[in-house]
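Just below is one structure, and these are the notes that go with it.
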Amino acid sequence: MQKQAVQLDAADKKILRVLQEEGRLSNTELAEKVGMSTSPCWRRVRRLEQEGVISDYSARLDRRTLGFGVLVIVTIQIDAHNVEQAVEFEEAVLKLEQVIACYSVGGGVDFVLQVVCEDLDAYAEFSMNTLRRLPGIKAMESNFVLKELKPLTGWPI
């Protein structure tokens with residue numbers, strides 16, 4: 001289901017940029033940073049939450065500090081292109097903690113996954129005993145991230 005884009009004015013964009021950088025700010029601190037008084041700022045944030053522009057609040061964690069030394073981009077082709085098989089694959093992937101992102105894509109592959117593991121041995125185990133056993137896999141390729149040049153830190157607003 002495609003979501004409709006919400007119209008954002010300059011003040012909305014300013015609020016969103018600041019919140020992406022510093023999500024723990026109090027409303028008073030946020031209002032000060034964006035140059036508004038607290039009540040209008042609070043109303044805008046509430047509206048942005050209600051409209052789904054702000055979907056939740058979270059902390060950005062460092063994967064290496066958490067012990068995930070390996071980041072892998074995995075491309076997967078599935079055997080048959082029917083709805084049942086795609087749904088079965090998607091449901092199985094959603095249960096895997098090591099899969100931190102999964103995208104259904106067009107082109108030469110069907111799915112692109114981002115996977116984290118402690119080390120290469122842990123990835124080998126996960127790959128052989130879990131990923132390759134997912135339903136309907138025709139082909140799978142692992143691409144190891146050597147250097148994160150620009151990890152996702154927020155959306156361009």
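The values are calculated or read from the model by the stated rules, or taken from the named source; none is laboratory data. The structure presented is a predicted model; accordingly, all values stated were derived computationally and were not measured. FYI the Cβ positions are ideal-geometry reconstructions off the backbone, even for glycines, and counts take in every protein chain you see. Quick note on the areas: whole protein, heavy atoms, side chains included, nothing else; ligands and nucleic acids left out. Shrake-Rupley method; radii C 1.70, N 1.55, O 1.52, S 1.80 Å.
Keeping all protein chains in place, calculate the accessible area per residue for the range 1-72 (probe 1.4 angstrom), answer in Å². The partial results should precede the final answer.
Details: 5370 Å² over 72 residues.
Spelled out: the 1.4 Å probe surface of the range 1-72, per residue, equals 75 Å².
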For the range 52-157, just say rounded, prolate or oblate: build the C-alpha gyration tensor, square-root its eigenvalues into a ≥ b ≥ c, call rounded for a/c under 1.5, and beyond that prolate if a/b exceeds b/c, oblate if not.
oblate
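Rounded to the nearest 20 Debye, what is the dipole magnitude of the range 94-157 about its Cα centre when Lys and Arg each give +1 and Asp and Glu each give -1 at the C-beta? The partial results should precede the final answer.
Values: 6 positive and 8 negative charges, 55 e Å.
Around 260 debye, computed over the range 94-157.
Within the set LYS3/LYS150; LYS14/LYS150; LYS33/LYS147; LYS95/LYS150; LYS13/LYS95, which residue pairs have Cα atoms separated by over 30 Å? Spell out each step's value before the answer.
Details: LYS3/LYS150 26 Å; LYS14/LYS150 22 Å; LYS33/LYS147 33 Å; LYS95/LYS150 27 Å; LYS13/LYS95 35 Å.
Check vs 30 Å cut-off fails for LYS33/LYS147; LYS13/LYS95.
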Give me the percent of the accessible area of the chain that comes from carbon and sulfur atoms, probe 1.4 Å, all protein chains in place.
51 percent
How far apart, in nanometres, would the label points at LEU66 and TYR103 be if each is projected 7 angstrom from Cα along the Cα-to-Cβ direction?
2.0 nm
What nm distance separates the two modelled labels at ARG43 and ALA10, each placed 7 Å from Cα along Cα→Cβ?
2.0 nm
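Evaluate the charge dipole of the chain about its Cα centre and quote only its size in Debye, nearest 20, assuming +1 on the Cβ of each Lys and Arg and -1 on the Cβ of each Asp and Glu. Intermediate values should be presented prior to the final figure.
On the way: 19 positive and 23 negative charges, 144 e Å.
Dipole about the Cα centre, nearest 20: 700 debye.
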